[in-house]
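All remarks here apply to the structure that follows.
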């Protein structure tokens, strides 16, 4: 299956129509999808991101205008050294012009530095770290879909405003968990909520029972899960066993994706609240994209990361075409920032000077099994966070690009 | 007397073969960047050095350590931190990283050599897990983001490491230097005693050798060279992350050593190149990389247990 898909990618690679235009460096545009193809982020990015990039290229109709676009992909195995080696090789040897996706903040930060050094373009959809548009911001990088600040802010803010004013944090005991907890707590307090308590659990924890019992005893309305991946899903599963949601408390996930909800199943995940940038069942354009996407992706529906890859590649191709050159990464990114974004999935948007793509974010709640009408019908919208409030203000990011 | 004479002759013969092999290896490595991507070569060289250090301990000392990632990773973090935050020149950053790994090796060694076999392996694994959790939590390591954008800088004030080929020359020099150090160690009286301990520890004790001293020294030396590899690697990639302290790295180095040939001199180098090449060139196959790696390991263990170089040496009837 995987090999078949790789061959498919190779075929897409060869879909050059006519001769390449002379102005594109090395005879065409080459897009590298650097992602996790084998481990924990595979379903939410991985091969789906390659597919999304391919769909963006097809839908742009760029091949009909005699510009050759190739897509290559690789697995970074969630190792920063493997990712950094691939990125360097792509830029130096394989003449890749732009790298997209790249879940895993460690790998993304490494590619961020290499893209700056080699003056190429890096379009981040999968990674979460808000440092990419903060202290580590780069004139060659655009952070497209979401970031840790937006998730913490969206979830914290909207939940307090909709009545969830007392919180208890279940935090993974390492830098990422601490950062999520700190950011969310600040938002909760700012909006007049209170934090009843918090407990730190070790990374990759299997048994959450004692932590969940403490959370239950705290009588907080919201239990905030400042963790990710397996820790989040384990905590949610065990919370369901303890009947925490049925008992009137709500779980707030700070990093949850559609594929996580699918994996957990509605009986377990129901009532979970979290923030995302995009959901497939929100309008006709999204549904049409999801239908085409899932048909080519073993039925797995697109996550916000896939949609972000599609949107980012679309805007990139437009800007390169307008600029008539893909050679100078900084110039391409400057052009992308100067042009308002518009595509079928994210609608109209803008890109800030610090590289942050701006759009609405949404607070979702997972449906109860009875409310779900169709496969993958999982979310109901609780609130829309307008673009202006969804992301960290430029001044708070400490991005060197914005100080001149 | 005849046996002894025969043995000496064989050693002399193998010695010549090893010199030829060394010259071939050096020649290939000098010519390689013309054909192969230099950053990849540098990565492979760092891992080759790491595997050689591990092989010194396992292949010649008979000590199975499952904690070698701690030395590689710690040295990487220390040298990255020294180069980035303290602004030290690369040679001092590498020395600092190596020194940190050496100290850590001394601590690990003092505790671990009191036990043998599986207990020794478990003690090293436990200690390296402690180092892993320290690196995960300590503020200076940057958690799972690692230390990024480490400057390569100017070595000795005049060698510009930002030039890829210059850096390659430096990494190759470091590798060859450490490789020769290991070669010398193995063929010194110290190395002979180490082999004697591996073959029969009670007999070595009865001959009056203080085996704990020898084991500790071998352990510290192996840790130091692993640290040298880790420190160099952090300058090549300009980053230091949790990958290098994770226990799976300790497993990978076992795989490299076994695949290349345990207890051979050139085996770990070949093993490291094979594994790194697989990780690199098979990256587009996604999930298949780990499966292929596993299959190769099984085939290696089933069909040629001496490893690539071990089998080659058997065919040529020379110790390589």
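Here is how the numbers come out for the structure above:
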{"quantity": "DSSP beta bridge pairing in the protein assembly as shown, given as percent antiparallel to the nearest 5", "calculated": "35"}
{"quantity": "Region B:15-316: radius of gyration and largest Cα-Cα distance (Dmax), Å", "calculated": "18.6, 56"}
{"quantity": "Relative exposure of A:95, A:136, judged by other C-beta atoms within 10 Å (fewest first)", "calculated": "A:95, A:136"}
{"quantity": "Alpha carbon convex hull of the protein assembly as shown, volume per residue in cubic angstrom", "calculated": "169"}
{"quantity": "Mean residue ellipticity (222 nm) of chain B, computed from DSSP H runs ≥ 4 via -39,500 (n - 2.57), nearest 500", "calculated": "-24500 deg cm²/dmol"}
{"quantity": "Gained length - residue A:324 relative to residue A:95, 0.36 nm times residue gap less alpha-carbon distance", "calculated": "80.7 nm"}
{"quantity": "GNM top mover of A:162, A:344, A:42 - chain A, alpha-carbon springs below 10 Å", "calculated": "A:162"}
{"quantity": "Descending semi-axes in Å of region B:106-149, equivalent ellipsoid built from Cα gyration tensor", "calculated": "28, 9, 7"}
{"quantity": "Convex hull of chain A built on C-alpha atoms - directionally averaged projected area, nm²", "calculated": "18.4"}
{"quantity": "Region A:129-204 and region A:221-293: distance between their alpha carbon centers, rounded to Å", "calculated": "16"}
{"quantity": "Chain A: angle of helix A:2-13 to the longest principal axis, Cα-based, in degrees nearest 10", "calculated": "40"}
{"quantity": "Cα long-axis angle, helix B:189-199 against chain B (0 to 90 degrees, to the nearest 10)", "calculated": "70"}
{"quantity": "Scattering profile of region B:72-164 at q = 0.14, 0.19 Å⁻¹ [log10 I(q)/I(0), Debye over alpha-carbon scatterers]", "calculated": "-0.60, -0.90"}
{"quantity": "Helix A:175-190 vs. chain A, principal-axis angle (Cα, 0 to 90°, nearest 10)", "calculated": "60"}
{"quantity": "Cα shape, region B:180-320, gyration tensor, a/c 1.5 rule", "calculated": "oblate"}
{"quantity": "Ranking of A:55, B:122 by count of other Cβ atoms within 10 Å, fewest first", "calculated": "B:122, A:55"}
{"quantity": "Whether region A:178-243 is rounded, prolate or oblate, judged on the alpha carbon gyration tensor where a/c under 1.5 counts as rounded", "calculated": "oblate"}
{"quantity": "Sorted by Cβ density within 10 Å, fewest first, the residues A:231, A:26", "calculated": "A:26, A:231"}
{"quantity": "Most mobile listed residue (A:225, A:132, A:189) in chain A, GNM with C-alpha springs under 10 Å", "calculated": "A:189"}
{"quantity": "Helical mean residue ellipticity (222 nm; -39500 (n - 2.57) per DSSP H run of 4+; nearest 500) of chain A", "calculated": "-12500 deg cm²/dmol"}
{"quantity": "Shape category assigned to region A:130-220 from the gyration tensor of Cα positions, a/c cut at 1.5", "calculated": "oblate"}
{"quantity": "Packing rank of A:170-182, B:222-234, A:201-213, where each peptide gets the mean count of other beta carbons within 10 Å, highest leading", "calculated": "B:222-234, A:170-182, A:201-213"}
{"quantity": "Enclosed volume per residue, in Å³, of the convex hull spanned by Cα atoms of region A:142-281", "calculated": "109"}
{"quantity": "GNM flexibility winner over chain A from A:159, A:244, A:305 (Cα, springs under 10 Å)", "calculated": "A:244"}
{"quantity": "Separation in nanometres of the label points that stand 7 Å from Cα toward Cβ, at residue B:35 and residue B:277", "calculated": "0.9"}
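Read-outs: derived from the displayed coordinates by stated rules, not from any lab. Remember, predicted model here, so these are calculated numbers, not experimental data. Note that each Cβ is placed from the backbone with ideal geometry, even for glycine, and that neighbours are counted across all protein chains shown.
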